[in-house]
Each structure stands twice: as structure tokens, then as C-alpha cells.
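Where a number appears in this text, it was derived from the coordinates with a stated rule and is not lab data. As the structure is a prediction and not an experimental result, all values here were calculated from the model. Cβ placement follows ideal geometry from the backbone for every residue including glycine, while neighbour counts extend to all protein chains displayed.
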Amino acid sequence: MFEPMTKYNLLSDLKLLDLFKSGDDFAFSEIYDRYFGLLYLHAVNRLKDKDEAKDVVQDVFSDLWSARTQLIIKTNFSNYLYTAVRNRIL
């Protein structure tokens with residue numbers, strides 16, 4: 001883990017993902033902060049329902065947390081998240 005003074009917001013998605021997979025809670029928080037709003041807007045545009053969109057994105061992050069130790073991402077991380085939201089909506 002990084003020391004508390006680490007600026008997680010300056011880390012790349014790849015580095016955050018590595019830290020997250022190793023159990024770093026701060027890395028997960030940064031990923032959540034970085035992507036929740038964008039994923040939420042993506043879901044709202046598809047669903048036209050703000051509450052349902054919020055639930056979908058929360059579910060994606062919950063699943064991400066649960067699967068963190070087995071996570072294998074073959075595309076870039078943002079594509080993975082957008083695809084996860086789209087698949088959850090479908």
C-alpha cells in the first residue's frame with residue numbers, strides 16, 4: 001500500500017487497479033470518485049430514470065469490489081466499467 005500522503009487522484013487507472021486488486025481501500029475510493037459520475041450519466045442516458053441509473057452503477061461497483069481479487073481486465077479500465085454498466089442495463 002501507498003503511504004497516506006499519496007495523491008491517489010494523480011495515479012493512472014492501471015496503477016489504481018493494481019492497488020485495488022491488492023486490497024487498497026483508498027484506491028477503490030479513488031476509482032469510485034473518478035468514475036461514478038460518468039457512469040451514472042451514461043446509465044441515465046440509456047435508462048431515462050435517475051434512481052434506476054444510480055442503482056445500476058452502485059451494483060457495478062459492488063460487483064467490482066466483490067470480484068477484486070479475481071479481476072482480469074483485457075481492455076482499458078474505463079471501457080471495462082462502461083461495458084459493465086451497459087451489460088447490467090441489458
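So the values come out like this:
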{"quantity": "Tilt relative to the chain, helix 77-89 - C-alpha long axis, 0 to 90 degrees, to 10", "calculated": "30"}
{"quantity": "Local electrostatic count, G37, Cβ distance below 14 Å [Lys/Arg +1, Asp/Glu -1]", "calculated": "+1"}
{"quantity": "Relative contact order of the chain, pairs being alpha-carbon contacts under 8 Å that are 6 or more residues apart, as %", "calculated": "28"}
{"quantity": "The chain - mean residue ellipticity at 222 nm from DSSP helices (-39,500 (n - 2.57) per run, n ≥ 4, rounded to 500)", "calculated": "-22500 deg cm²/dmol"}
{"quantity": "Tally of Lys pairs whose C-alpha atoms are under 28 Å apart, taken over the chain, 8 or more apart or cross-chain", "calculated": "9"}
{"quantity": "³J(HN,Hα), Karplus 6.51/-1.76/1.60, whole Hz, each residue of segment 63-71, x for Gly, Pro", "calculated": "5, 4, 4, 5, 9, 4, 7, 9, 5"}
{"quantity": "Trypsin sites (Lys or Arg not before Pro), loop per DSSP, at most 16 other Cβ atoms within 10 Å - longest free stretch of the chain", "calculated": "8-47"}
